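The values are calculated or read from the model by the stated rules, or taken from the named source; none is laboratory data. Quick caveat, the model's predicted, so the values are computed rather than measured. We place every Cβ from the backbone using ideal geometry, glycine too, and count neighbours over all the protein chains shown.
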Amino acid sequence: MSLPPEYFHEINTLNREFIEASPDDILQFCADYFQRRLASQRHEFLVANPQSRKSGMVDPNIRGMQALQEDEAVASPTASSFPSNPFDTTMNASNPRDAGNGTTADGHQFNFGGFSASVGAPPSGGGDASNFPNNYNLNRRISVSAESLDPASTFSSNWVPPFYPKTKEQQTRLTNAVAQNFLFAHLDEEQSSQVLGALQEKRIPAKGVKVIEQGAEGDNFYVVESGTFDVFVHPSGKIQPGIEGLGNNVGTVGAGGSFGELALMYNAPRAASVVSAESSTLWALDRVTFRRILMDSAFQRRRMYEKFLEEVPLFVTLTPYERSKIADALESKKYPPGTTIIREGDPGDAFYIVEQGEAEVFKRGADKPINRIEKGGYFGELALLDDQPRAASVISKSEVKVATMGKDAFQRLLGPVESIMRRNDPRRGQAGMEEVDPLSKE
């Protein structure tokens, strides 16, 4: 029996990601990969078939996405029956869960059960049902892969994010606390304002307070303003009685770091315990707001860039998956008229694609531009291809919005189109965006 092409595509993609990540826990990595693929496919299907969202039905021809009936007696995990205070000292294993990735102030990530562990991946425990609390599934929503919030419906819903008034001093402290957090980097002004308003201050009075318990349900994501927190993982998958019940200390999260997002993103049990190492201050974001704003932002941003990349001639030969990987690596930047975006002679550290506006290319000694770049045009590639200084300057003629990609991502993701960029290299006597010598011919 011949296998379908889709099967080989998924396996090849999994192989590439596995080689890049080199995970310690192979089964957990594969499980996480297919969980993400299923969630992404479901989102795309629901966006393309809005009627399915209304009826609750899913096209039976979509493999792995058949809708499951929901028991009317099953309550939402965000219902009032779940305690809302994550610092209640009476919390036990049957109470809500809280752990995921942790991010330190310097950007180092701890992965508690994910695929890119840098501090020693904990066992997945997926094969032993006793690792989960007895009532883990009680009052849980039944679904295909996880609690579903369709990003496409966010803007049309009547949902209003919670708002906690803050003093000017609190606002300043909070802004500083989230300034370097990668999860907030791509939010627009409105989304950023909503998140800052929805964050709630939580003061931890002393050392030894369990903010998160391994194996419990997760209702909050946390940003550390001050203090430090120790991260523990027990091989059994949950806290055990006794002095050593927390398990092994696998890391520390300090000011500017964050933790708890993976359990909210994937509706998974907390995979680590987080305990205060001193009196500290946290800012907490509830599950629904986290998913509505942060996950929706990432989803909408990816969709926007995927659509944009489909219109860029350089990327038309790529597969949808390859374009989606590039879309995830892009960041938007705006430059007012007359701004030098890259300067001739500077080292190359980024690649640029023009989203809006017009820019001009200049060489030293030239009194007029040697090229113009408009929407869909790109520049900055030659310095990255050959690891050479910038060969020309690019200056915005009007307000310019660009999608930019760092050097590492460029070299990792743009291999499939490298030959096209080299073919367009002006040093080979063809038109290009970053001129070396417009008069030279080979």
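Would you mention how many residues in segment 357-370 are on the phi > 0 side of the Ramachandran plot and not in a loop (DSSP other than H, G, I, E, B)?
Going through segment 357-370 one residue at a time, the tally reaches 0.
Among the conditions (1) in contact (Cβ under 8 Å) with a residue 60 or more places away in the chain; (2) farther than 23 Å from D387 by Cα, A329 misses just one, which is (2). One residue stands out among those in segment 222-274 that are of a type in the set (D, E) and crowded, with 17+ Cβ neighbours inside 10 Å: the one that is nearest to the chain's Cα centre (by Cα), which is E261. Screening S192 against (1) crowded, with 19+ Cβ neighbours inside 10 Å; (2) not in a loop (DSSP other than H, G, I, E, B) leaves a single unmet condition, (1).
Yes/no per residue for (1) part of a strand (DSSP E or B); (2) among the charged types (D, E, K, R):
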site	(1), (2)
R292	no, yes
M295	no, no
R303	no, yes
I326	no, no
I341	yes, no
E355	yes, yes
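Tell me, yes or no, whether segment 355-370 has at least one residue that is closer than 17 Å to M421 by Cα, modelled with pLDDT of 90 or more, buried (at least 19 other Cβ atoms within 10 Å of the Cβ) and not β-branched (V, I, T). The answer is no; no qualifying residue exists.
Out of the residues in segment 152-169 that are within 17 Å of L285 (Cβ to Cβ) and buried (at least 16 other Cβ atoms within 10 Å of the Cβ), state the one that is modelled with the highest pLDDT. The residue in question is K166. Within segment 222-237, restricting attention to residues that are assigned to a loop (DSSP other than H, G, I, E, B) and of a type in the set (S, T, Y), the residue that is nearest to A268 (Cα to Cα) is S236.
Residues that are out of contact with any Phe, Trp or Tyr (no Cβ under 8 Å at 6 or more places or on another chain), surrounded by 15 or more Cβ atoms within 10 Å (Cβ to Cβ) and assigned to a loop (DSSP other than H, G, I, E, B) within segment 195-221 comprise E213, A216, G218, listed in sequence order. Report yes if some residue within segment 343-358 is outside the structural domain of P235 (by TED's automatic domain parsing) and out of contact with any strand residue (DSSP E or B) (no Cβ under 9 Å at 6 or more places or on another chain); otherwise report no. No.
Quick test for you: out of A263, A271, A284, pick the one residue that is small (G, A, S), touching a helix residue (DSSP H, G or I) at 6+ places or on another chain (Cβ under 8 Å) and either in a strand (DSSP E or B) or over 30 Å from S419 (Cα atoms) (or both).
Sole residue among the options that is small (G, A, S), touching a helix residue (DSSP H, G or I) at 6+ places or on another chain (Cβ under 8 Å) and either in a strand (DSSP E or B) or over 30 Å from S419 (Cα atoms) (or both): A271.
Considering segment 391-426, the residues that are acidic (D, E) and at pLDDT below 80 include one that is nearest to E310 (Cα to Cα), namely E418. Number of residues in segment 378-390 that are modelled with pLDDT of 90 or more and outside any strand (DSSP E or B): the value is 1.
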